[in-house]
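What follows is a set of notes on a single structure, which appears directly below.
Here, each number is a calculation from the coordinates, and none is a lab measurement. Just so it is clear, the model here is predicted, and its values are computed rather than measured. Cβ placement follows ideal geometry from the backbone for every residue including glycine, while neighbour counts extend to all protein chains displayed.
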Number of protein chains: 4
Amino acid sequence: MIAVLKGGTTAAQKENLIKWLSAQGLTVHVSEGAYKTVLGLVGDTSKIDMDLLAGLEIVDQVTRISEPFKSANRKFHPDDTVVTAKDAKIGGGNFGLIAGPCSVESEEQICTIAAAVKAAGATFLRGGAFKPRTSPYDFQGMGAEGIELLLKAKAATGLPIVTEIMSISHLDLFADVDVIQVGARNMQNFELLKQLGKCDKPILLKRGMSATLKEMLMSAEYIMAGGNEQVILCERGIRSFDPYTRNVLDLAAVPLLKELSHLPVVVDPSHATGAARLVRPMALAAAASGADGLMIEVHNDPMHALCDGAQSVTPDQFAEIAKAVATVRTAL
Amino acid sequence: MIAVLKGGTTAAQKENLIKWLSAQGLTVHVSEGAYKTVLGLVGDTSKIDMDLLAGLEIVDQVTRISEPFKSANRKFHPDDTVVTAKDAKIGGGNFGLIAGPCSVESEEQICTIAAAVKAAGATFLRGGAFKPRTSPYDFQGMGAEGIELLLKAKAATGLPIVTEIMSISHLDLFADVDVIQVGARNMQNFELLKQLGKCDKPILLKRGMSATLKEMLMSAEYIMAGGNEQVILCERGIRSFDPYTRNVLDLAAVPLLKELSHLPVVVDPSHATGAARLVRPMALAAAASGADGLMIEVHNDPMHALCDGAQSVTPDQFAEIAKAVATVRTAL
Amino acid sequence: MIAVLKGGTTAAQKENLIKWLSAQGLTVHVSEGAYKTVLGLVGDTSKIDMDLLAGLEIVDQVTRISEPFKSANRKFHPDDTVVTAKDAKIGGGNFGLIAGPCSVESEEQICTIAAAVKAAGATFLRGGAFKPRTSPYDFQGMGAEGIELLLKAKAATGLPIVTEIMSISHLDLFADVDVIQVGARNMQNFELLKQLGKCDKPILLKRGMSATLKEMLMSAEYIMAGGNEQVILCERGIRSFDPYTRNVLDLAAVPLLKELSHLPVVVDPSHATGAARLVRPMALAAAASGADGLMIEVHNDPMHALCDGAQSVTPDQFAEIAKAVATVRTAL
Amino acid sequence: MIAVLKGGTTAAQKENLIKWLSAQGLTVHVSEGAYKTVLGLVGDTSKIDMDLLAGLEIVDQVTRISEPFKSANRKFHPDDTVVTAKDAKIGGGNFGLIAGPCSVESEEQICTIAAAVKAAGATFLRGGAFKPRTSPYDFQGMGAEGIELLLKAKAATGLPIVTEIMSISHLDLFADVDVIQVGARNMQNFELLKQLGKCDKPILLKRGMSATLKEMLMSAEYIMAGGNEQVILCERGIRSFDPYTRNVLDLAAVPLLKELSHLPVVVDPSHATGAARLVRPMALAAAASGADGLMIEVHNDPMHALCDGAQSVTPDQFAEIAKAVATVRTAL
């Protein structure tokens, strides 16, 4: 960490600050410039409150020179992490294709879609049982029953299942779930993350609506610090100013996250765009950008879907997209 | 709700859609324009998925004409809600001054600050026991012990206390807390909101980092739908593109929220700006904009504060700010 | 256009408004709902000030149901526009590969790079002569001399050239330039756009830093309204909150712009990311998303480039990218 | 400027970089840490391309420790600049009240409003003659004739006039204009700024839609570098994600700009919010935050205003706002 002191700082003030920093176990290198003094802080700076330091009268600027995440950091773990669930793998060259409806609605619905997406090449089945809806008056998912139905679809197809958790109090219901999803709205629900860190299942962590890449990696770190290193990162669009799409899909996040971290990165073009007709071009773009997988909403009857029908593709459309994605991946 | 159909929609397609809408209990008014057809949907449109409708091939545009929030809506509750905690009130002309440290650190610290802010005119004491920190390696708060210390400060000063909850599993510890705070990162932790809806304490709901005003009101609605109508809304800055301040304080949210809703609106200039020297001008601006209260971080030794010291003011500075705020409020 | 009136509007107020709207040449369809009245406005609504209408006491909401752009609108011009410059084409299935240095620095530099990018498959040479720099103290480009050198490179390679205009007073210098670029900062310099609308050269219009897609199309409309229909749209990243990249490349803009408009859409991954190592994945993603072309910064000595070296790739890297892009395009 | 080199940088690479930096006239201080090397660069770093340096393979991070603006910098000019136009002053304790219609529409309109706002305490008359409209089909202002009418209103009331320039080719028409306004869309029209830097009139510079404070100050610097130091900065709202208001008024920009620069800072609550009913609370908040002035749209018949009627207040409302603002300023 580097702290730049303002011109006009007195010797006593400098000494005082250096004493305080040293008291926190840091070695301080001082280099005097023409107008400013630069302090180089060596040691465990992760405990220093950067904002506090930056807020001191005599301090002009503070810069952290090492990333605050460790377990998720590629520097300390150069090889790609491969996340495994049943026979399916994501990361390290394994491409994960996660597909299924926004919400589980009935046994017939989920089993039909599961069979269709499996036939089209999906390696995971997704489906919401607990749904985070902006309005308390909207359909909140089938809950425990939805998970039961997912397990039936899993039994029928052999596909590992991915579904979202909204409260740690529901964890028991997830005993046979293969991958637990943390939604964008809970990306910084730190108590939930801590508990999931103690569990032995892969976690699919979605990027918060306005989370920076570092914040996302710090949230992964919350899970990993508890001992669970099976984390999949998911870019799903960020909030921006143009009302024309629901979110802005930030595809540069794919190569950036893979550079910063060894964790696999998947992309959800359905939530990112909120529009079925944009799923294909954005799925292809994600594959071309180097993503380790895709998460796509598929519904056999989007017009009657209980939620997010607008962004679902049909099984036929999904099959075509899966084929085109494979073509792009083979080409590269 | 209004749906505009694309030019070229066939009579059969229109009929089909109208049948589907009617089946959901809506009355449909059709008005044919030169190029487009406009459907007016009357009835309980809160269950219609706007995005689904908008995503249909034949639909050009969908507009909701009634707000999706009810309990929080000023239309159905024209008078200001007054939230009461012990002797203190917020809303309906009552100005709430909430002050205290970011984190509780020790009995001496919290009691000293409590006495000081009370003397300066604070009507509530705030202090964090459970702290949502971006990094799992940062100080996470004193937890249960922190709440114990807050209760001592409450006993000593008589000030009602406001402190943040991060997990519903901690609720028992909040039995003697006067106002429960939901932080920005949990504004859409819907399971937490639902549980708080069943509790009989006022809830201070902070705006999410990139939450729209309607989303914030829908989150209030989650609490109110459970029966708890004592909700205080808190503007605390939104995320934007300029690295120069931590957040952008959106003061127009104050008159807008008060127009849309009868709930009281307070402003947190400390978190919004992240800089102690900006707290005064933004506190004054918030008061001038019509806020029902302020939430200000105060620390007797900001340099040694365990978190967010950079944005804390000293008790003396707070006293001066409180006086200036009172002057502005008297003038208006 | 649809205007929804608030509940409680009196008959006299309604009549008054309808009279005013009729006076502006519109036919008004009234449909009375249980709580609200909806007015459908038919006729030339492009002259109605939506904000004014929305701001009236009795009006709850106003929605425009037809896009405000005409010449750029695919509805009135279903076929793709193909922009031609010398032998090169962009749009309608023709992929344009625009490459070259950020700034022209010397004859040797521009001619060397031009030869290299041509050999690698570039169909246009780009190079800045007038440079929009945030600081007045930064290198502002070689100006007229820079254009001279571009023309030499054009003579040597046969590549049509693309270069940015910053003031209409420089137009004479662009007589032999093939495509005139309008930079992001000038996307709403309407006086410049109007003048370029009178000129007979293709215009490459970059998206403003925080321009919506509709605003971008309205800026294209300024050029087209003057008679110049040869406009190329360029997505180059939008401003967002994450300091980790310079901008967020919004690739969903590609299919969206192509749906809304018949104009060709190219992508600039160099400016969007500001980092040479991200150019390849984002170029591939852009190609996969359906872009009609790419604009890539290439420099033979990025370390000594006078501006934006950080985002330039070397000619060898460019050749590899061009090959990979062709592979993706062939695969799809 | 500080550059942090990555761990693993070889001695030869370091030497090479230091040689290159020295060749550009900088003195380089090297301090070796446990894992990283930090270079302190002393001298005229304003010519170093930070992005280029940051993009080098061996460089981890670059931080500028001195602001890139000079003439606008309070460090080198501690006293407030006072901008003078006729008898009116802004800055250094002088509060400027700029009021008038969005567009000049007729002699009667502008003279009536001018008289009314003068009576209410306005110190400047504003009015648009050249209007930057998103659509080429919208009213573009009366142009030269509009300026003539403004001059008549100036003659009648004695108020100095403020009006926007959209092209340097119109400069002759501004000979008797007192303050030239540069609109948000032209904040980075650098050629225009350079020309205005040679003129001897005050310039009111509006913040771009998504301009950072530093970018805004760099644009002021473009004007000042040309010799014209009479610049007024104007905060007018920035673009954000909530469709509920047109822009987000960033009032913390007021104390921040005044800390960074000696130039006066005014606030435009009309454009920032786009809604007449929000002008009063935001005008009061701006005054309380320490602004040096306000710019308010006033129209005697907002319903028939040719543009932006929705955000205009009536002369009576303006008089009441002016009084309340004075009360707040007196109180503080």
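Here are some notes:
- Farthest toward positive dipole pole in the stretch B:182-249 [+1 Lys/Arg, -1 Asp/Glu at C-beta], among B:Val231, B:Leu196, B:Phe241: B:Phe241
- Note on B:Ser169 and A:Ala11: their simple-model spin labels are 5.6 nm apart, each label 7 Å out from Cα toward Cβ.
- Rotation relating C and D, chain D residue nearest the axis via C-beta, angstrom: D:Ser210, 2
- Teacher prompt: C:Thr327 distances to equivalent labels in other copies, 7 Å Cα→Cβ, nm: 1.6, 7.0, 7.2
- A simple charge model with +1 on the Cβ of Lys and Arg, -1 on the Cβ of Asp and Glu and nothing else charged puts the dipole of the stretch A:74-331 at about 540 debye relative to its Cα centre.
- Rg and Dmax of the protein assembly as shown, based on Cα coordinates, read 30.3, 86 Å.
- In a simple Cβ point-charge model (Lys, Arg +1; Asp, Glu -1; nothing else charged), the protein assembly as shown has a dipole of about 0 debye relative to its Cα centre.
- Summary value for chain D: 16 percent relative contact order, contacts being C-alpha pairs under 8 angstrom separated by 6+ residues.
- Label-point distances for D:Gly121 to the equivalent site in the other copies, using a point 7 angstrom along Cα→C-beta, read 2.2, 6.8, 7.0 nm when ranked shortest first.
- Within 10 Å of the Cβ of each residue in B:158-164, the mean number of Cβ atoms contributed by other protein chains is 0.
- Sorted shortest first, the distances from the A:Phe139 label point to those of the same residue in the other copies are 4.8, 4.8, 5.9 nm; each point sits 7 Å from Cα along Cα-to-Cβ.
- Along principal axes, Cα extents of the stretch C:227-301, largest first, whole Å: 39, 32, 25
- Charge dipole (debye, nearest 20) of the stretch D:139-273; +1 at Cβ of Lys and Arg, -1 at Cβ of Asp and Glu: 200
- When its C-alpha radius of gyration is set against 2.2 N^0.38 Å (N residues), the stretch A:158-208 gives a value of 1.05.
- P(r) tail fraction, chain D - alpha-carbon pairs more than 29 Å apart, %: 43
- Of D:Thr10, D:Leu53, D:Leu39, farthest towards positive along the dipole that unit charges on Lys, Arg, Asp, Glu beta carbons give the stretch D:2-63: D:Thr10
- For the stretch A:74-331, share of DSSP beta bridges that run antiparallel, in % to the nearest 5: 15
- Fraction of beta bridges assigned by DSSP in the protein assembly as shown that are antiparallel (%, nearest 5): 45
- Reach of A:Lys70 by Cα under 18 Å, taken over lysines that are not fewer than 8 positions away in the same chain: A:Lys47, A:Lys194, A:Lys198, A:Lys214, A:Lys258, D:Lys6, D:Lys36
- Proximal charge balance of A:Val248 [Cβ under 12 Å; K/R count +1, D/E count -1]: -1
- Look at the dipole of chain C built from charges on Cβ: of C:Ala326, C:Gln140, C:Ala23, the Cα furthest out on the positive end belongs to C:Ala23.
- Contact order relative to length of the stretch D:95-234, as percent, for alpha carbon pairs under 8 angstrom and 6 or more apart: 18
- Mean separation of Cα contacts under 8 Å (6+ apart) over length of the stretch C:2-63, as relative contact order %: 47
- Average beta-carbon neighbours from other chains, 10 Å sphere, peptide D:264-271: 0
- Residue of D:Gly274, D:Gly96, D:Gly25 that the Gaussian network model of chain D assigns the largest fluctuation, springs spanning Cα pairs under 10 Å: D:Gly25
- Diffusion coefficient, µm² s⁻¹, Stokes-Einstein with Kirkwood Rh over alpha-carbon pairs of the stretch B:2-63 at 4 °C and 1.567 mPa s: 112
- Span-rule helices in chain C, defined as complete DSSP H runs reaching 15 Å or more along the axis (Cα) with Kyte mean at least -0.5: C:11-23, C:107-119, C:144-157, C:213-225, C:276-288, C:315-331
- Highest-MSF residue in chain D out of D:Asp138, D:Asp44, D:Asp268 [GNM, Cα springs under 10 Å]: D:Asp44
- B:Gly293 long-range amide H proximity, modeled H, under 5 Å: B:Gly96, B:Val267
- Chain B - mean residue ellipticity at 222 nm from DSSP helices (-39,500 (n - 2.57) per run, n ≥ 4, rounded to 500): -10000 deg cm²/dmol
- For chain D, built as a Gaussian network whose Cα springs stay under 10 Å, the top-fluctuating residue of D:Ala23, D:Ala310, D:Ala88: D:Ala23
- Cβ neighbours within 10 Å from other chains - mean over B:180-192: 6
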